[in-house]
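Below: one structure, written as structure tokens.
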């Protein structure tokens with residue numbers, strides 16, 4: 001009974017003339033409160049959702065940072081022990097503009113773009129003869145806006161698709177040609193003393209050679225020098241066709257062959273072109289031997305499948 005005066009006062013204050021109107025007023029008020037509560041609840045849900053996403057991103061970032069740290073530690077460890085890449089006999093310190101033997105295609109593309117963002121990259125695919133469904137990445141060719149060219153050859157099946165040989169060709173424009181002296185000093189600073197040097201008038205050749213076991217050749221015999229120099233210039237395609245030189249090439253490991261085309265006199269000469277070839281003939285021989293065996297095995301299987309059972 002005490003509520004009636006209070007309700008009457010509220011009706012007077014709000015201008016409502018009846019209890020029916022009061023019921024409507026309170027219904028509207030309750031509805032508005034529910035609406036506000038629902039909005040607040042939705043906002044809480046959104047905040048919780050954002051918090052969940054943030055937690056997920058934090059977890060992902062932490063995972064990526066952990067992986068990056070692991071890779072960085074591995075890179076540091078590799079740098080500390082750069083003598084040999086397991087199974088290839090290829091010194092880790094040997095690279096051309098960051099490209100190394102054993103890299104994957106994805107790694108190659110990243111290095112090329114990092115070296116020169118104008119590099120236009122093309123992939124060329126091949127197929128093993130008489131082996132169905134054997135399409136593989138044969139080579140990657142790249143050319144920059146300054147006409148610098150890089151050609152990278154990859155191992156054929158059944159080996160993993162990794163770099164087995166690469167060649168970089170650079171033509172220096174007039175006004176941007178480095179001196180021969182500074183170029184040779186830079187090469188020795190990066191790669192050490194060459195195994196062989198041949199300084200002709202218009203062409204200066206430097207070679208860094210290793211034997212089939214990965215040891216650097218410091219004092220090669222005339223025969224070894226000739227064999228490994230020739231081996232450094234043999235492509236994977238040539239080895240696939242012929243196996244006559246397998247035994248000789250297997251004695252020559254990682255090699256870096258740099259040829260400098262010069263302009264001017266010996267003392268004041270400028271470098272007009274640079275051709276650098278990085279390869280590992282011994283590893284290429286092992287690769288092509290595996291490929292030949294793989295081809296022969298597949299051909300044998302096909303022949304066996306095509307021959308019918310004898311008539312009995």
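The values are calculated or read from the model by the stated rules, or taken from the named source; none is laboratory data. From a predicted model like this one, the values you see are computed outputs, not experimental measurements. Don't worry about glycine lacking a Cβ; one is built from the backbone with ideal geometry, like all the others, and counts go over all protein chains shown.
Laid out as a table, the results:
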item	result
Test: residue in segment 271-284 that is out of contact with any strand residue (DSSP E or B) (no Cβ under 8 Å at 6 or more places or on another chain), surrounded by fewer than 16 Cβ atoms within 10 Å (Cβ to Cβ) and not in a helix (DSSP H, G or I)	no
Residue count for segment 124-162, restricted to those that are touching a strand residue (DSSP E or B) at 6+ places or on another chain (Cβ under 8 Å), crowded, with 17+ Cβ neighbours inside 10 Å and in a loop (DSSP other than H, G, I, E, B)	7
Positions within segment 285-312 being modelled with pLDDT of 70 or more and either assigned to a loop (DSSP other than H, G, I, E, B) or over 22 Å from residue 128 (Cα atoms) (or both), in sequence order	311, 312
Test: residue in segment 129-136 that is under 21 Å from residue 276 (Cβ atoms) and either in contact with a helix residue (DSSP H, G or I) (Cβ under 8 Å, 6 or more places away or on another chain) or free of Cβ contacts under 8 Å to residues at least 60 places away in the same chain (or both)	no
Identity of the residue in segment 208-252, assigned to a strand (DSSP E or B) and in contact with a helix residue (DSSP H, G or I) (Cβ under 7 Å, 6 or more places away or on another chain), that ends up surrounded by the fewest Cβ atoms within 10 Å (Cβ to Cβ)	208
Residue within segment 184-204 that is part of a strand (DSSP E or B), in contact with a helix residue (DSSP H, G or I) (Cβ under 7 Å, 6 or more places away or on another chain) and either surrounded by 20 or more Cβ atoms within 10 Å (Cβ to Cβ) or modelled with pLDDT under 90 (or both) present	yes
Those residues of segment 87-107 which are in contact with a helix residue (DSSP H, G or I) (Cβ under 8 Å, 6 or more places away or on another chain) and at pLDDT below 50, in sequence order	88, 89, 90
Sole exception among (1) in contact with a strand residue (DSSP E or B) (Cβ under 7 Å, 6 or more places away or on another chain); (2) without any contact (Cβ under 8 Å) to a residue 60 or more places away in the chain; (3) closer than 19 Å to residue 153 by Cβ; (4) surrounded by fewer than 21 Cβ atoms within 10 Å (Cβ to Cβ) for residue 255, by number	(4)
Hey, residue 104 in contact with a strand residue (DSSP E or B) (Cβ under 6 Å, 6 or more places away or on another chain) and at negative phi or not	no
Index of the failed condition, residue 32 passing every other in (1) surrounded by fewer than 14 Cβ atoms within 10 Å (Cβ to Cβ); (2) at pLDDT below 70	(2)
Subset of segment 98-118 that is more than 9 Å from the chain's Cα centre (by Cα) and over 22 Å from residue 236 (Cβ atoms) - its residue that is surrounded by the most Cβ atoms within 10 Å (Cβ to Cβ)	115
